[in-house]
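Derivation of every value follows stated rules applied to the coordinates shown; laboratory data play no part. Because the structure is predicted, anything quoted here is derived from the model rather than measured. Note that we place each Cβ from the backbone using ideal geometry, even for glycine, and neighbour counts take in every protein chain shown.
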Amino acid sequence: MRNGRIVLLDNYEVRAIMTASWLNQMGYPNVYVLKDDYTKLPMTQDVHNIVSDVLTISSEKTLSAEALNDLLTKDKSAIVIDLSNSKEYAAGHIPGAYWIVRGRLPLAKDLIASASQVVLTAYDVRIAKNSLKDFKMLWPNKKVYILTGGTQTWKNAGFAVEKGLNRALCSNDDNWYKPYEDVGANPKAMHDYLTWEVGLVEKIERSGEVHFDVKCPARQTK
């Protein structure tokens, strides 16, 4: 990767040139900026189409926000598992929902064993859809659905949400927080962060793995 050819582009060229300069200074020797207007070049959406096909879920495996609300009202043993990141979940989730990271689904085995039905959701519904296969491998006989459109559609439908990281089924170490963003952050955390940031220059010099060469200009290519 370090000696590979990297071509950067953006609609104003400014961001690409700035990024190329940084990459040059970090020791990447073959960095280029595309000068041509890339919007006039042949474009493809193949990757997006492939993702769309992979994530297609049959209608009998999905529930609308209204249908989910009816289900939770009528079936007290049905549960919602939210696979959003912990920051999104804490900001607002379906009342009564449980939170877990997709890769730690097995930790929910006792909860799922006692549930009559399970609904998977996330703010990025693709995470829930991708988790469906994992879920079916772990619990092939459990009735499971995907909330159509994810948690945001629940909010858009006007249903109430809860806040906080309650009913978490695993540790919330899925996000990296700056010290002053962390829960219970205090002035000491800010001071520690700034001390760490100021000390980066010396740390880079000691490391020997990152090299800054301000004399190496970014190339341009057509």
Of the candidates 157, 141, 108, the farthest towards the positive dipole end of segment 96-168 (Lys/Arg Cβ +1, Asp/Glu Cβ -1, centred on the Cα centre) is 141
Simple spin-label estimate for residue 70/residue 207, 7 Å along Cα→Cβ, in nm, reads 5.6 nm
Of the listed pairs 74/142; 129/163; 40/129; 163/188; 163/203, those with alpha carbons more than 29 Å apart are 40/129; 163/203
Amide H contacts under 5 Å for residue 7, restricted to residues at least 5 apart in sequence or on another chain and with H modeled in the peptide plane, are 32
